[in-house]
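J.: Just passing along the structure, written as structure tokens.
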Amino acid sequence: MNSSQNAIDQIPAAAVSAMENGKKLEAIKIVREETGLGLKEAKELVEHYVKQNPAIKSQFEVRQSASLHGLKWLIISIVIIGLTYYYLFAK
């Protein structure tokens, strides 16, 4: 068994669950709290785990896509509100 497999075995079940739900930052936080690793090491460990598990990687991609879609609509809404305010009150 190599050292990367040993490191992956250290990942707490709560962190794996967070990753399965597409919550990478939460998984990194859990790994840091429960293993005592630094931020860089915990991030690398989580990213390595994701690379080894294609199903989890696809969850992250879906979640990121949904986040970008929501952000796009937020920006559009802000622009519309700003233009409405400008035309109604600024003139």
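J.: Among (1) surrounded by 10 or more Cβ atoms within 10 Å (Cβ to Cβ); (2) hydrophobic (A, V, I, L, M, F, W, C); (3) in a helix (DSSP H, G or I), where does residue 89 come up short?
T.: Residue 89 satisfies every listed condition except (1).
J.: Looking at 82, 22, can you tell me which residue is not in a helix (DSSP H, G or I) and not hydrophobic (A, V, I, L, M, F, W, C)? Even if it seems obvious, please write down each step before you answer.
T.: Numbers: 82 fails: not in a helix (DSSP H, G or I).
Sole residue among the options that is not in a helix (DSSP H, G or I) and not hydrophobic (A, V, I, L, M, F, W, C): 22.
J.: Residue 26 fails exactly one of the following numbered conditions: (1) of a type in the set (D, E, K, R); (2) at pLDDT below 90; (3) surrounded by fewer than 17 Cβ atoms within 10 Å (Cβ to Cβ). What is the number of that condition?
T.: Of (1) of a type in the set (D, E, K, R); (2) at pLDDT below 90; (3) surrounded by fewer than 17 Cβ atoms within 10 Å (Cβ to Cβ), only one is false for residue 26: (2).
J.: Can you tell which of 52, 64 is more than 15 Å from the chain's Cα centre (by Cα) and over 17 Å from residue 14 (Cα atoms)?
T.: 52
J.: Of the residues 32, 63, only one is part of a helix (DSSP H, G or I), in contact (Cβ under 8 Å) with a residue 24 or more places away in the chain and out of contact with any strand residue (DSSP E or B) (no Cβ under 9 Å at 6 or more places or on another chain); which?
T.: Being part of a helix (DSSP H, G or I), in contact (Cβ under 8 Å) with a residue 24 or more places away in the chain and out of contact with any strand residue (DSSP E or B) (no Cβ under 9 Å at 6 or more places or on another chain) holds for just one of 32, 63, which is 63.
J.: Any idea how many residues of region 58-91 are farther than 24 Å from residue 18 by Cβ, modelled with pLDDT of 80 or more and of a type in the set (Gly, Ala, Ser)?
T.: Of the residues in that region, 2 qualify.
The values are calculated or read from the model by the stated rules, or taken from the named source; none is laboratory data. These figures come from a predicted structure and were not determined experimentally. Cβ sites come from the backbone with ideal geometry, for glycine too, and all protein chains shown count toward neighbours.
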